[in-house]
1. Going by the structure shown, is A:Gly149 more than 26 Å from B:Asn52 (Cβ to Cβ) and among the small types (Gly, Ala, Ser)?
2. Hey, can you tell me all the residues within the stretch B:28-44 that are surrounded by fewer than 20 Cβ atoms within 10 Å (Cβ to Cβ) and either modelled with pLDDT of 95 or more or within 24 Å of B:Leu198 (Cβ to Cβ) (or both)?
3. Scan the stretch B:105-125 residue by residue and report those that are more than 17 Å from A:Thr226 (Cα to Cα) and more than 11 Å from chain A (Cβ to nearest Cβ).
4. Tell me, please, whether a residue that is in contact with a helix residue (DSSP H, G or I) (Cβ under 8 Å, 6 or more places away or on another chain) and either farther than 21 Å from B:Cys166 by Cα or modelled with pLDDT under 90 (or both) can be found in the stretch B:125-133.
5. Report every pair of residues separated by at least 6 positions or lying on different chains whose Cβ atoms are under 6 Å apart, first residue within the stretch B:124-153 and closer than 17 Å to B:Glu201 by Cα, second aromatic (Phe, Trp, Tyr).
6. A:Leu27: out of contact with any Leu (no Cβ under 7 Å at 6 or more places or on another chain) and surrounded by 10 or more Cβ atoms within 10 Å (Cβ to Cβ), yes or no?
7. Just give me the residues in the stretch B:1-55 being out of contact with any strand residue (DSSP E or B) (no Cβ under 9 Å at 6 or more places or on another chain) and either without any contact (Cβ under 8 Å) to a residue 60 or more places away in the chain or of a type in the set (Val, Ile, Thr) (or both), in sequence order.
Amino acid sequence: MEKIFQKLSLTSATLVFVLLIGIFLTLYSAAKPAIDEFGFDFITNPDWNKEVVLENLDDEAIIDEDDVAIADEDDAEIADEDDVILDEDEMLLDDEDETATKTIYGGLVPIVGTLLTTLIALAFALPIAMGIAVFLAEIAPKNISYVVGIAIELLAAIPSIIFGMWGLYYFAPIISDLFGGYQVSLLTAGLVLGVMILPFMAAITRDSMNTTPAVLKESAYALGATKFEVIKDIIFPYSKVGIIGSIILALGRALGETMAVAFLIGSVFVLPQKITDPTISIPVAMANNFGEASGLGESALFYLALILFIISFAVISLAKFYFLKKAK
Amino acid sequence: MSVMKIKKFSFTYAGVDHPSLKSITLPIEKNKITALIGPSGCGKSTLLRSMNRIHDLYPGNKYDGKIELLNEETGKFENILEIKKENEFIKLRQKVGMIFQKPTPFPMSIFDNVAYGLRIAGIKNKTELKDRVETALKGSALWKEVHDRLDKSAMGLSGGQQQRLCIARAVAVKPEVLLFDEPTSALDPISTGAIEELIVELKNDVSIAIVTHNMQQASRISDYTAFMYLGDLIEYDKTENIFLNPKEKQTEDYITGRFG
């Protein structure tokens, strides 16, 4: 009995590693054609699904031609409508090519979009989350702190699609009125993402601040410290590790968020020039393009997925590193 | 001569009907050590924590009577229970320092710990800070052990060293009264001995009130002893009288170990 139990628990534990490695390997093998084709230039190339004329015809190009699923001469039009692309796609298949072309994929736009939305979200959420946490942990009377605490937890429980809808219909117009530019943009997506990660950061930071021993705070007060000084010099340093952890966990969520961002970012493969420009993020690029993608295009999406996987993995590892340091 | 006069002081915690202290009248003598003894729940810590109004960090407590503190400049006694403004609280707590049951080093370096009270009091001059930190650490018999690692985290010190660091931190701001709330209950006998010696030395500069569970400690170091029981002050006298010749039966029962 003892042995069976041991074996069972060992199997379940191993399963985690098998899953992790399995996911990584499948992502890698699916992304392999794109990796072979584009290499690391994929990360710095801003063109997604762009037809380029080949200078000289060789074997490789012929294979590529077969792989071409979606093609378009005018890359500005790609950005506009999926339907248009499909229509022209069909036309193109009827038309026989005169010049040999190949389609190239570059991940720069979604990578930049992902990182910038996350950064905006963090810059927006961090100060507010800290303010909420300080209020809940130190300033508010117990009953108010309790009620606000519940509200924060409810906010965390709202499904992301609701944030997306709300953001698109009610928040985006306000943003474009205030800052100009498009309603759907980097800024709108980043701010709504910020609202979404806010409750996590606030709740974890509050919990972390609440672990500051009362006697430590009393010691500071007993030296003549003001409430502000106690918060600044005692509570923040004491809960630093928890705050960093909350930031990294929030980052993890912001990086992978798909639904809300899909509503708000504009979903165009264009490098944003201003904060109010529309663009696209990695999860949105994947969600929007899987249906139509095949061949190299599909592989390029897997390449994006692999990059997101690695970014998220790095972020979580960093979080673990800090929590381990805390345990010591 | 008294530095503090507690007059008919009663205290009731928030949300409790029963008072924890009932009409306590007690002096704290200047440059003497006054020990507060009694069984758990007798109110001795509550009384101590009223002397710098640290209770007021938590809302809803009720109190009555007076706690008067000598103003060294005017020579007059001022009722600290009338304090309402934050800057007056700060002044009070700079005059009446406190050491807690467990060592409470702040999450910063040894130097910054001792300098903390000085810095928030507005002292920025580096040489002055250095001098006063050194004096405080020497006064707390810690200088020899830490002078070569002042920039290291205070968390790396032993329990006894941490407690002496907390004393140095409290002494650095030059208080008039120091309140000790069972300062050695978390320490081993050797560290306890060092802290006791330190407290006795400190009374040359400050007046001291100490809460202790340890009756030997009270008899070893204190000049006056107050015995409290269930929120009442049963007996207050010179320490030798309390321990050798108590007037009250309850005091005698307690110090001979018959209850408590």
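The values are calculated or read from the model by the stated rules, or taken from the named source; none is laboratory data. From a predicted model like this one, the values you see are computed outputs, not experimental measurements. When we count neighbours, we look across all protein chains shown, and the Cβ atoms used for this are built from the backbone with ideal geometry, even at glycine.
1. On the way: more than 26 Å from B:Asn52 (Cβ to Cβ): yes; among the small types (Gly, Ala, Ser): yes.
Spelling it out, A:Gly149 is indeed more than 26 Å from B:Asn52 (Cβ to Cβ) and among the small types (Gly, Ala, Ser).
2. Step one: filter the stretch B:28-44 for residues surrounded by fewer than 20 Cβ atoms within 10 Å (Cβ to Cβ), giving B:29-32, B:39-41.
Of everything in the stretch B:28-44, those that are surrounded by fewer than 20 Cβ atoms within 10 Å (Cβ to Cβ) and either modelled with pLDDT of 95 or more or within 24 Å of B:Leu198 (Cβ to Cβ) (or both) turn out to be B:Glu29, B:Lys30, B:Asn31, B:Lys32.
3. Selection gives B:Ser109, B:Ile110, B:Phe111, B:Lys124, B:Asn125.
4. No, the stretch B:125-133 contains no residue that is in contact with a helix residue (DSSP H, G or I) (Cβ under 8 Å, 6 or more places away or on another chain) and either farther than 21 Å from B:Cys166 by Cα or modelled with pLDDT under 90 (or both).
5. Close Cβ pairs (under 6 Å, with a partner that is aromatic (Phe, Trp, Tyr)) amount to B:Leu137/B:Trp143.
6. no
7. Narrowing the stretch B:1-55 to residues out of contact with any strand residue (DSSP E or B) (no Cβ under 9 Å at 6 or more places or on another chain): B:15-17, B:40-41.
B:Gly15, B:Val16, B:Asp17, listed by residue number.
Yes/no per residue for (1) more than 30 Å from B:Ile123 (Cβ to Cβ); (2) without any contact (Cβ under 8 Å) to a residue 24 or more places away in the chain; (3) surrounded by fewer than 20 Cβ atoms within 10 Å (Cβ to Cβ):
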residue	(1), (2), (3)
A:Ser208	yes, no, no
A:Thr211	yes, no, yes
A:Val215	no, yes, yes
A:Leu223	no, yes, no
A:Phe228	no, yes, yes
A:Ile234	no, yes, no
A:Lys240	no, yes, yes
A:Ser246	yes, no, no
